[in-house]
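The values are calculated or read from the model by the stated rules, or taken from the named source; none is laboratory data. Just so you know, these numbers come straight off a predicted model, no measurement behind them. Note that each Cβ is placed from the backbone with ideal geometry, even for glycine, and that neighbours are counted across all protein chains shown. The area values use the complete protein model at the heavy-atom level, side chains included, leaving out ligands, DNA and RNA. Shrake-Rupley method; radii C 1.70, N 1.55, O 1.52, S 1.80 Å.
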There are 2 protein chains.
Amino acid sequence: MEKAFRALASTPRRRILNHLAGGPMTVGEIAEQFDMAMPSISKHLSVLHDAGLVHQQKRGQHIIYSIAADNLANNLYAFLTPFCPEARKLSAERKKAREGVPERSDDE
Amino acid sequence: MEKAFRALASTPRRRILNHLAGGPMTVGEIAEQFDMAMPSISKHLSVLHDAGLVHQQKRGQHIIYSIAADNLANNLYAFLTPFCPEARKLSAERKKAREGVPERSDDE
DNA sequence: CTTTTCCATAGATACTTTCCTAATTAGGAA
DNA sequence: TTCCTAATTAGGAAAGTATCTATGGAAAAG
């Protein structure tokens, strides 16, 4: 959770996540949208990946990044639970909703 | 929201929030629980307050801090909404739950 | 094999954060 | 006023972060 919060404490990284909400895309496609050198984007993506907030998938020459919405939500809900009981309820609801949905995601 | 995430990207600050979940308390009471000088605690609390995550209330010589659970939750839910629709639903539920509860909090 | 494309890593520099001790402000009591 | 306690502010050292340019390496194309 530590890593997740540190990763989210950066406007460029949150903007990258929002951009990724539109669907999986390559580093180059992401970099086009930001006024920042590609190595910087790459670094931000590696931070997000290290925090488990995005998935990585090699596809030939390209690397496709996609958002890890579940991990994102679970981290924040887990943090919120001590402060507001509703978070616990929603967390259970999310868990139930995922049952029966095998969805084996291909990370790395 | 920027301030909220930056404030939360610190283990000591998240621990302080968890401690505050037990109820309002003074800076000194908080500082007793942490192996850190009081000025450091004070600084962390000012960061949390600047981010709107805690309330401050002067009480004579003491300053009582308490958690601002609503702002905390609203920030995180607002961030999550683009990624998972359930967050929007819960956000509405929380809002509805607050209706009819005037609760004018005394900040500053 | 050579070139091009896509991305990551390395190194440099500037900036920010975190923590301490010491000093300061402010309130309450003698 | 004077003293004591509570909390913040100030100053500085050390560590971390962000960004750039330059370089490296793997996959596809020529």
For residue B:19 and residue A:2, extending 7 Å from Cα along the Cα-Cβ vector and measuring point to point gives, in nm, a value of 1.8
To the nearest 20 debye, chain A has a Cα-centred charge dipole, built from +1 on Lys and Arg Cβ and -1 on Asp and Glu Cβ, of 260
Any lysines whose Cα falls less than 22 Å from that of residue A:96, other than same-chain ones fewer than 8 residues away, would be B:89
Once the in-chain neighbours fewer than 8 apart are removed, the lysines whose Cα is under 24 Å from residue B:3 read A:3, A:43, B:43, B:58, B:95
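Can you pull out the buried accessible area for chains A and B, both sides counted, probe 1.4 Å, rounded to the nearest 100 Å²?
Values: alone 7350 and 7350 Å², together 12220 Å².
Answer for the A-B pair: about 2500 Å² buried.
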Inter-copy distances for residue B:71, nm, shortest first, label points 7 Å along Cα→Cβ, are 3.1
Relative to chain A, whose Cα atoms define the longest principal axis, helix A:11-20 and its Cα axis are tilted in degrees, nearest 10, by 90
With the 1.4 Å probe rolled over protein heavy atoms, the protein assembly as shown has an accessible area per residue in Å² of 57
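If you average the sequence gap of Cα pairs under 8 Å that are 6 or more apart and divide by the length of region A:2-68, what percent do you get for the contact order? Each step should come with its number before you reach the end.
Values: 71 pairs, mean separation 25.9, N = 67.
Computed over region A:2-68, the figure is 39 percent.
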Copies of residue B:95 compared via label points 7 Å along Cα→Cβ give distances in nm, shortest first, of 2.9
The equivalent-ellipsoid semi-axes of chain B, taken as the square roots of five times the Cα gyration tensor eigenvalues and listed largest first in whole Å, are 27, 17, 10
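Leaving out ligands, DNA and RNA, what percent of the accessible area of chain A is carbon and sulfur, probe 1.4 Å?
So the carbon and sulfur contribution to the accessible surface is 49 percent.
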Sorted list, accessible surface of protein heavy atoms, 1.4 Å probe, largest first, for B:29, B:2 is B:29, B:2
Between residue B:68 and residues 5 or more places away or on another chain, the pairs with built amide H atoms under 5 Å apart involve B:54, B:55
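Once the Cα gyration tensor of the protein assembly as shown is diagonalised, what are the square roots of 5 times its eigenvalues, in whole Å and ordered largest first, as equivalent ellipsoid semi-axes? Mind dumping the intermediate values first?
Values: eigenvalues 238, 90, 43 Å².
Over the Cα atoms of the protein assembly as shown, the ellipsoid semi-axes are 35, 21, 15 Å.
In peptide A:5-11, how many Cβ atoms from other protein chains are near each Cβ within 10 Å, on average? Before the final figure, lay out each step's value.
Details: counts 9, 6, 2, 8, 9, 4, 4.
Per residue, the average neighbour count from other chains is 6.
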Two pseudo-spin positions, 7 Å from Cα along C-beta at residue B:43 and at residue A:58, lie apart in nanometres by 4.3
Label points for residue B:42 built 7 Å along Cα→Cβ; distances to same position in the other copies, nm, shortest first, come to 4.6
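For residue B:32 and residue B:88, what does the FRET efficiency come to when R0 = 35 Å and r is the distance between their Cβ atoms, rounded to the nearest 0.05?
Numbers: r = 40 Å, r/R0 = 1.15.
According to the calculation, E is roughly 0.30.
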Residue by residue through region B:51-57, the couplings from Karplus 6.51 cos²θ - 1.76 cosθ + 1.60 with θ = phi - 60°, in Hz, x for Gly and Pro, are 7, x, 9, 9, 9, 10, 9
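What does the helix-only formula give at 222 nm for chain A: each DSSP H stretch with n ≥ 4 adding -39500 (n - 2.57), the total divided by the residues, and the result rounded to the nearest 500 deg cm²/dmol? It would help to have the intermediate numbers written out before the result.
Details: 6 runs with 62 residues, N = 108.
The helix-only estimate for chain A comes to -17000 deg cm²/dmol at 222 nm.
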In the B-onto-A rotation, chain B's nearest residue to the axis by C-beta, with distance in whole Å, turns out to be B:9, 2
